[in-house]
Amino acid sequence: MRPSTNGDAGRPTSRRERLRAELERDALRAARKLIATEGIEVLSLSAVAREVGVTPPALYRYFEGKPGLTLAVYEAVTRDFVATVAEAAAGADREDFGGQLYAATRAVLDWSVTNPGEFDLLMGAGYARLVASGSHVDQVLVRELGGLFGQTFLQLWRRGILPYPSPEELEPRLRSQVAVYLRLMEHDYPVGVAMVMITCWRQIYGLLCMAVYGHLASSFDDYLPLFEAMMDDLLALCGVPRKRG
């Protein structure tokens, strides 16, 4: 729930509204600190209330219980995560589409490894618990992160660079699911382009989980070489083979 704001100024207009906005910000900051230091398991209204010095019922009015608090944290983390990735992509040359995809994907990896608790909320076991509570929030990440990557894929498609399957090449049930994924990203290109994107993402997501949760750490104590090899394959798949200095 967001505080009421003045349409012109875009900020709370009364002392009560300002205090409410401050409490919401403090609560979200405290919740994210708990997740970062102790994991998603410890997140509760009581724990956050202790951190900000109020009673749990005071927070309940703003966040409608733990599910509401978790959803608010999820949305805040997603915004910051996507902003980090967007900044990395923006650092590449505007005409270097492979460089944009590499920089953005590397930012996803670095952020995930650096923020395992928040990664857990967005894409791991914490997300599974959020969905179990009845909050189907994956659309937020698909729209924001998928939409960000989709901007580059849109350019690849428009310029005829990206190889992609025709609708007829996709199994009907898969085609219908990918079409939903495409609509959530809010981009206007063929369903085959979205199929290439999800093909890339399923590999990226697997590597993220390996790196964050330490899967196969006995063999891969450094996941960067595996990441580099994966990106070589994915960029070639997208028609923009990686440039090496």
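The values are calculated or read from the model by the stated rules, or taken from the named source; none is laboratory data. All values reported here derive from a predicted model rather than from experimental measurement. FYI the Cβ positions are ideal-geometry reconstructions off the backbone, even for glycines, and counts take in every protein chain you see. Please note that ligands, DNA and RNA were not included when accessible areas were found on the heavy atoms of the full protein model with its side chains. Shrake-Rupley method; radii C 1.70, N 1.55, O 1.52, S 1.80 Å.
Things worth noting here:
- Screening segment 71-120 for residues that are more than 20 Å from Gly147 (Cβ to Cβ) and of a type in the set (A, V, I, L, M, F, W, C) and picking the one that is surrounded by the fewest Cβ atoms within 10 Å (Cβ to Cβ) gives Val113.
- Residue match in segment 166-184 (condition: in a helix (DSSP H, G or I), under 15 Å from the mean Cα position of the chain (by Cα) and modelled with pLDDT of 90 or more): yes
- Residue match in segment 186-207 (condition: open to solvent by 70 Å² or more (accessible area, probe 1.4 Å), of a type in the set (Phe, Trp, Tyr), outside any helix (DSSP H, G or I) and closer than 23 Å to Ser112 by Cα): no
- Long-range neighbours under 8 Å by Cβ, at least six apart or interchain, first residue assigned to a helix (DSSP H, G or I) within segment 216-245, second modelled with pLDDT under 95 and open to solvent by 70 Å² or more (accessible area, probe 1.4 Å): Leu226/Phe220; Asp232/Pro241; Leu235/Pro241
- Taking (1) in a loop (DSSP other than H, G, I, E, B); (2) modelled with pLDDT of 95 or more in turn, Phe153 satisfies each apart from (1).
- Listed here are the helices (runs of 4 or more DSSP H) enclosed by segment 1-86 that have at least 1 residues being closer than 15 Å to Phe119 by Cβ, at pLDDT below 85 and within 24 Å of the chain's Cα centre (by Cα), and there are none.
- Residues of segment 163-184 that are in contact (Cβ under 8 Å) with a residue 24 or more places away in the chain, exposed (fewer than 15 other Cβ atoms within 10 Å of the Cβ) and not polar (S, T, N, Q): Pro163, Pro167.
- Taking the criterion of being among the aliphatic types (A, V, I, L, M), in a helix (DSSP H, G or I) and modelled with pLDDT under 95, the residues of segment 103-144 that qualify are Leu121, Leu122, Met123, Ala125, Ala128, Leu130, Val131, Ala132, Val140, Leu141, Val142.
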